Amino acid sequence: MDYFKKAIVLSLKEVTNLPEDEIAGFIEIPPDIKMGDYAFPCYSLSKTLKKSPAIIATELLSAIRPVAPVREVKALGPYLNFFIDKAIFSENISKKIFEEKDRYGCSAIGAGKTIVVDYSSPNIAKHLAVHHLRSALIGSGVYNVYKTLGYKCVGINHLGDWGTQFGQLIVAYKKWGGENAHTSYTVTDLNDLYVKFHQEAEKNPGLEGEAREWFKKLEAGDAEARELWQHFKDISLKEFQKIYDMLGIHFDAFTGESFYNTLVEDTVNRIKEKGLTRISEEALIIDLEPYNMPPCLLRKKDDATLYATRDIAAAEYRKKTYNFERMIYVVGSEQKLHFRQVFKALELMGHDWANHCIHVDFGLMKFKEGKMSTRKGNVVLLEDLLVEAVERIRKIIEEKNPSLENKETVAHEVGIGAIIFANLSTKRNKDVVFDWDAVLNFEGETGPYVQYTHARLCSILRKYGKPVATDIQYELLKEEETVILVKILSQFPLIIRKASEAYEPSLISNYLIDVCSSLNRFYNAHRVLSDDEELTRARILLVDATRQVIKNGLNILGMHAPERM
Ligand code: ARG
């Protein structure tokens, strides 16, 4: 709780006899600063006091003895509204930001606790798809949010590198891979082999059997099968890593599905021993009918394990290895049922931490027609998307600011930033409709706009040219636009907490848009650099604080904050 809210809670405690936490929970921020800085809704007491909220408000008003930093209290309908001392407020917040710098927004509420985040997690031998991009961006945003709150975070890429499809791929590779398959293969070639396999298997059903045999060999550790599979994996990881590097996305572990091959046996045995399984159509299942779900498949009739089996084993392994407080799976909403099944299975196994596993789902990313070049089979290749974003920003810079230093770096930071922001500014369960003009617009609610605002602030500070200081006259930071801006800046730590609770990085991107518009309102109303030295010093402190908050926010989203652009 901030210092101002605390003062209000304490004076309300005296007159209501309610516990502090409860009062704090009721306190609201009025929609208009003219109504007050904080408000206490009196209907929260009307049940116990059996009086109308408006009467309670006037009674509380006559009883309450406000202390600094509260300057005034007013009753307005069912609300008791508090006005705080604006100069003290501006001083408190700007000093805090100035002192904490890159750490403003950080806290220690997560100290000693671990959060596991499973994100991106693409299937190997296929191109990284657009939904893996969304997962990667939301996942790493959530990761950064929790890290800011002091949690130890473990980012896991649960690669889809196991399953019968690798038997199919081995068959296809051996039959049609060609001479140079070992040296020059790319993910596209592997993808083509899949397609070829399915075409051929329609004519020759025997191929499916061969594929199953090869997957069995792979599961049993056969040297040739392992070697080919490793080859496919190396090719894929090389391509994935290139994209993760472009995006600046980091993982702490690449423990994919194959990693659990040796653990699933034990997991399945324990599920069996608990009497949770039965055989259905020759497959081993957990019956989930009592929970209104289709069965969870553990083993197919040929004994091969499944996606869900490996997810159950993975969850147990991660609990044992990291002893997480919470585990977050950032995966598209089409897998809702899968995770409900897996979490239910864990619960039935007696794991009391099953409800600490959370599926953070998200909507699709759609492309406005005709705006995105697609290579093959109508898929948008992520690499093309990223390269195009950088290319388009490069052109814009060339027009707007041809003499800019480090053009290449800035084009990269802004181009990639635009893609990140476009993904993270939409609420995660909504679809993102991707439209180049909207995403790259320097004046819309975009990444480039926020970065550009940051660069403008840096430019004002360069023009000022002297060190920023906090020994200013805070009485000068009292105009309405100024206080509104300070208020927005003061909310940053709270926004981060809210983003963590809702697993919603979009709260941070939307917050940054609010910071930028409040900054613009302040800037249009008040001259920052003027002949009045004291006033200039005061406003410069606020400019610097705003720059800092934007930078910290962008960094949480995984974006750079260039100082010139
Ligand atoms: N490989 C899966 C896919 O591409 C996503 C895996 C998500 N993570 C998990 N632990 N199941 O759809």
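What is the sum of charges, Lys and Arg at +1 and Asp and Glu at -1, for the other residues whose Cβ falls under 14 Å from the Cβ of residue 513?
Spelling it out: positives minus negatives among the neighbours equals -1.
Per-residue counts of other Cβ atoms within 10 Å, averaged by peptide: what ranking do you get for 252-262, 67-77, highest first?
Answer by packing, highest mean first, reads 252-262, 67-77.
Any idea what the alpha-carbon Rg over 2.2 N^0.38 Å comes to for the range 425-483?
My calculation over the Cα atoms of the range 425-483 gives 1.69.
Calculate the translational D of the range 254-342 in whole µm² s⁻¹ from Stokes-Einstein, where the hydrodynamic radius comes from the Kirkwood formula applied to all Cα pairs, the temperature is 10 °C and the viscosity 1.306 mPa s.
115 µm²/s
I'd like to compare 489-496, 457-464: which one has the highest average count of other Cβ atoms within 10 Å, and what's the full order after that?
Peptide ranking by packing, descending: 489-496, 457-464.
Per 0.36 nm of contour for each residue apart, how much would the distance between residue 231 and residue 253 grow if the chain were fully extended, relative to their Cα-Cα spacing?
This chain segment gains 6.0 nm when fully extended.
Based on DSSP H assignment, which helices of the chain show an axial Cα extent of at least 20 Å together with a mean Kyte-Doolittle hydropathy greater than or equal to -1.0?
Answer set is 86-100, 130-148, 187-203, 206-220, 223-247, 382-400, 407-424, 447-464, 506-525, 533-557.
Could you calculate the contour length gain from residue 176 to residue 323, that is, 0.36 nm times the residue separation minus the distance between their Cα atoms, to one decimal place in nm?
This chain segment gains 48.3 nm when fully extended.
Could you work out the percent of alpha carbon pairs in the range 37-166 separated by over 27 Å, rounded to a whole number?
57 percent
Averaged over every viewing direction, what's the projected area of the C-alpha convex hull for the range 168-303? Give it in nm², one decimal, please.
It is 11.5 nm².
Place a +1 charge on the Cβ of each Lys and Arg in the chain and a -1 charge on the Cβ of each Asp and Glu, then give the dipole magnitude about the Cα centre in debye, rounded to the nearest 20.
880 debye
Of the peptides 275-287, 124-136, how do they stack up when ordered by the mean number of other Cβ atoms within 10 Å, highest first?
124-136, 275-287
So what's the convex hull volume per residue for the Cα atoms of the chain, in Å³?
Value for the chain: 192 Å³ per residue.
Rounded to two decimals, what ratio of Rg to Rh does the range 1-74 give with C-alpha atoms and a Kirkwood Rh?
Reported Rg/Rh, Kirkwood definition of Rh: 0.92.
Can you give the helix-only mean residue ellipticity at 222 nm for the chain, where every DSSP H stretch with n ≥ 4 adds -39500 (n - 2.57) and the sum goes over all residues, rounded to the nearest 500 deg cm²/dmol?
-18000 deg cm²/dmol
Mind checking which of 555, 485, 73 is farthest towards the positive end of the chain's charge dipole, using Cβ charges of +1 (Lys, Arg) and -1 (Asp, Glu) about the Cα centre?
Selected residue: 73.
Picking from 108, 176, 528, whose Cα lies most toward the positive end of the charge dipole for the chain (charges on Cβ: Lys, Arg +1; Asp, Glu -1)?
528
Within 12 Å, Cβ to Cβ, of residue 324, how many net charges do the neighbouring residues add up to if Lys/Arg are +1 and Asp/Glu are -1?
Around residue 324, the surrounding residues sum to +3.
Computed FRET efficiency, Cβ-Cβ of residue 527 and residue 480, R0 22 Å: what is it to the nearest 0.05?
0.90
If a/c stays under 1.5 just call it rounded; otherwise compare a/b with b/c (prolate if a/b is bigger, oblate if not). Do that for the range 153-216, with a ≥ b ≥ c from the square roots of the Cα gyration tensor eigenvalues.
oblate
How are the alpha carbon pair distances in the range 461-565 distributed across 5 Å bins from zero to the largest one, expressed in percent?
Result returned by the calculation: 2, 12, 22, 22, 19, 13, 7, 3, 1, 0.
Mind giving me the nanometre distance, one decimal, between the label points for residue 394 and residue 1, set 7 Å out from Cα along Cα→Cβ?
The two pseudo-label positions are separated by 5.5 nm.
Net charge near residue 265: determine it from the other residues with C-beta under 12 Å of the C-beta of residue 265, scoring Lys and Arg +1 and Asp and Glu -1.
+1
Report the semi-axes of the equivalent ellipsoid for the range 223-371 in whole Å, largest first, where each axis is √(5λ) for an eigenvalue λ of the Cα gyration tensor.
Ellipsoid half-lengths, sorted descending, are 29, 21, 17 Å.
How much length is gained if the chain between residue 35 and residue 337 is pulled fully straight, taking 0.36 nm per residue apart and subtracting their Cα-Cα distance, in nm to one decimal?
Length gained between residue 35 and residue 337: 104.0 nm.
Express the Stokes-Einstein translational diffusion coefficient of the range 298-443 in µm² s⁻¹, to the nearest whole number, given a Kirkwood radius over alpha-carbon pairs, 4 °C and a viscosity of 1.567 mPa s.
Answer, rounded: 69 µm²/s.
Roughly speaking, what is the centre-to-centre gap between the range 499-520 and the range 49-117 when only Cα atoms are used, to the nearest Å?
Cα centroid of the range 499-520 versus Cα centroid of the range 49-117: 20 Å apart.
Laboratory data are not the source of any read-out in this text; all were calculated from the coordinates shown. Just so you know, these numbers come straight off a predicted model, no measurement behind them. Glycine also receives a Cβ, built like all others from the backbone with ideal geometry; neighbour counts cover every protein chain displayed.
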